1. Is there a residue in the stretch 99-108 that is modelled with pLDDT of 95 or more and in a loop (DSSP other than H, G, I, E, B)?
2. Among the listed residues N133, N56, which satisfies the condition of being of a type outside the set (A, V, I, L, M), under 16 Å from M153 (Cβ atoms) and under 14 Å from the mean Cα position of the chain (by Cα)?
3. Has the stretch 135-150 got at least one residue that is over 29 Å from S30 (Cα atoms) and among the small types (G, A, S)?
4. Could you list all residues from the stretch 24-50 that are of a type in the set (D, E, K, R), part of a strand (DSSP E or B) and closer than 15 Å to R204 by Cα?
5. Quick one: in the stretch 139-153, which of the residues that are of a type outside the set (A, V, I, L, M, F, W, C) and in a loop (DSSP other than H, G, I, E, B) is surrounded by the most Cβ atoms within 10 Å (Cβ to Cβ)?
6. Considering each of T38, T82 in turn, give the residue that is modelled with pLDDT of 95 or more and either over 13 Å from the mean Cα position of the chain (by Cα) or over 14 Å from N138 (Cα atoms) (or both).
7. Restricting attention to the stretch 184-206, does a residue exist that is on the phi > 0 side of the Ramachandran plot and over 16 Å from the mean Cα position of the chain (by Cα)?
8. So which pairs qualify, if the first residue must be in the stretch 188-208 and more than 12 Å from G157 (Cα to Cα), the second must be part of a loop (DSSP other than H, G, I, E, B) and β-branched (V, I, T), the Cβ gap must be under 6 Å, and the two must be at least 6 apart or on different chains?
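The values are calculated or read from the model by the stated rules, or taken from the named source; none is laboratory data. Just so it is clear, the structure is predicted and the values come from calculations on it, not from any experiment. Positions of Cβ are generated from backbone atoms using ideal geometry, with glycine treated the same way; all protein chains shown enter the neighbour counts.
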Amino acid sequence: MIKQHVLTLLVLLFFTQAGIAQSTGTFTDSRDGQTYKTFSFKNASTDTTFTWMSQNLNYKVQGSYAYDDKESNRKELGLLYTWEAAKKACPSGWHLATDSEWSMLVTKFGGTDKAGEALKSVKGWAEDGNGTNSSGFNGLPGGIRRNNLYEVMSVMGFWWTSTPTDEEGKAWEWNFSYGGPGEKPLKTKAFRFPGSVSYAASVRCVRD
C-alpha cells in the first residue's frame with residue numbers, strides 16, 4: 001500500500017513537472033460538424049480551470065483564408081483570420097483567447113523563454129524546430145497572411161488575441177520562434193507583439 005502510494009505521488013510529480021495539461025477532451029462545432037481536441041489546466045492562484053482548443057480554428061467566415069488559398073492546408077493548420085473575423089469566428093460557448101489568457105498560458109508552461117517548447121507541436125516545424133507539446137496546446141506553424149501575401153508556414157505560428165493595443169489598427173498577437181543567432185542552447189521563445197488588424201493569423205478559442 002505504501003509503495004503504491006509513493007508510486008502515485010511520483011507519477012503526479014512527473015506530470016506536474018512536465019507541465020502536462022490536467023485533462024484532454026473533444027468539442028464538436030454544431031455549425032459544421034467539425035470536432036476539435038481540447039486541453040484544460042488550472043490556474044493555481046485563482047483555482048480556475050481553463051479549457052482551450054488544441055487545434056487551430058477551421059470555421060470558414062468572411063475574412064478567413066486557407067494558407068496559399070489551398071483548401072488542403074486547412075486540415076492540419078486551420079484557417080487564418082483577420083482580427084475582426086477572429087473575434088466573431090469562435091462557436092457559441094467559446095471566445096477568442098484574450099491577451100491575459102495567453103499570458104497565463106505562457107506563464108503556466110515556463111514563461112516566454114521556455115513555454116514555446118511545451119506549446120509547440122512535435123512535428124511540422126522546419127529545421128528541427130519542433131516542440132514537446134507537453135502542454136497539450138499542439139501549436140502548429142501556420143504562418144501568416146499580410147499585405148495579401150502568405151509567409152513563413154512551417155517556420156512560425158501566429159495567434160490573435162481579442163485584446164486591442166493602445167495603437168489604432170493593431171491588436172496583440174502571440175507567436176513562437178527560435179532564439180537569436182548564436183544562442184546556445186537554442187531556445188524556443190514565445191513572443192507577444194502588436195499586429196495590424198488587417199493581417200490574418202491563426203485562432204484558438206477558449207471555453208467561456
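1. no
2. Details: N133 fails: under 16 Å from M153 (Cβ atoms).
That would be N56, the only listed residue that is of a type outside the set (A, V, I, L, M), under 16 Å from M153 (Cβ atoms) and under 14 Å from the mean Cα position of the chain (by Cα).
3. Taking the stretch 135-150 as the starting set, the residues that turn out to be over 29 Å from S30 (Cα atoms) are 146-150.
If we keep only those that are among the small types (G, A, S) as well, we get none.
So far as the stretch 135-150 goes, no, none of its residues is over 29 Å from S30 (Cα atoms) and among the small types (G, A, S).
4. Once the filter is applied, which keeps residues that are of a type in the set (D, E, K, R), part of a strand (DSSP E or B) and closer than 15 Å to R204 by Cα, the stretch 24-50 yields only K37.
5. Residues of the stretch 139-153 of a type outside the set (A, V, I, L, M, F, W, C): 139, 141-143, 145-148, 150-151.
Next, from what is left, pick out any that are in a loop (DSSP other than H, G, I, E, B): 141-142, 147-148.
Details: P141: 23, G142: 27, N147: 8, N148: 8.
Here the residue is G142.
6. Values: T38 fails: either over 13 Å from the mean Cα position of the chain (by Cα) or over 14 Å from N138 (Cα atoms) (or both).
The conditions single out T82.
7. Pass one, the stretch 184-206, residues on the phi > 0 side of the Ramachandran plot: none.
The answer is no; no qualifying residue exists.
8. P194/T165
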